[in-house]
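The block underneath contains the structure these notes are about, expressed in C-alpha cells.
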Amino acid sequence: MPAKQSSGDHFLDTAEVVTGGRRGRPNYPLEFKRRLAVEACEPGVSVAKLALRYGLNTNMVFKWRRQYRAGQFDTPGD
C-alpha cells in the first residue's frame, strides 16, 4: 500500500502511483511531480536529499525540475 509522503508541513499522497509499461516502472501523477519539482527549485534544497526522502532516483527529480522550469508541467487551466 503506498504511503503518504511528508513534504514539510503537508503530505503528498502517492496512492495514485501506478505501475506502467512492460518493465513495471511507476507512473507518478503530474501533481506529485510538480510538487517535488517546485520543492527542488527552492533555494538551499538538496535534490539528492529530497529524492532520498521519497525513495526516488536523484536523476528523476532533476529531470522533473528541468521539465517544470521548461513549463512542461503547466496545465491549460493555469
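Give the stretch 46-73 a look and list any residue that's assigned to a loop (DSSP other than H, G, I, E, B) and surrounded by fewer than 12 Cβ atoms within 10 Å (Cβ to Cβ), or say none.
S46, G55, N57, A70, G71
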**Request:** Considering only the stretch 35-55, state which residues are within 19 Å of F73 (Cα to Cα) and either free of Cβ contacts under 8 Å to residues at least 12 places away in the same chain or among the basic types (K, R) (or both).
**Result:** R35, E42, A51
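No value in this document is a laboratory result; all are computed from the given coordinates. Computed from a prediction, not measured in an experiment: that's the story for all the values here. With ideal geometry, Cβ positions are generated from the backbone for all residues, glycine too; neighbour counts draw on all protein chains shown.
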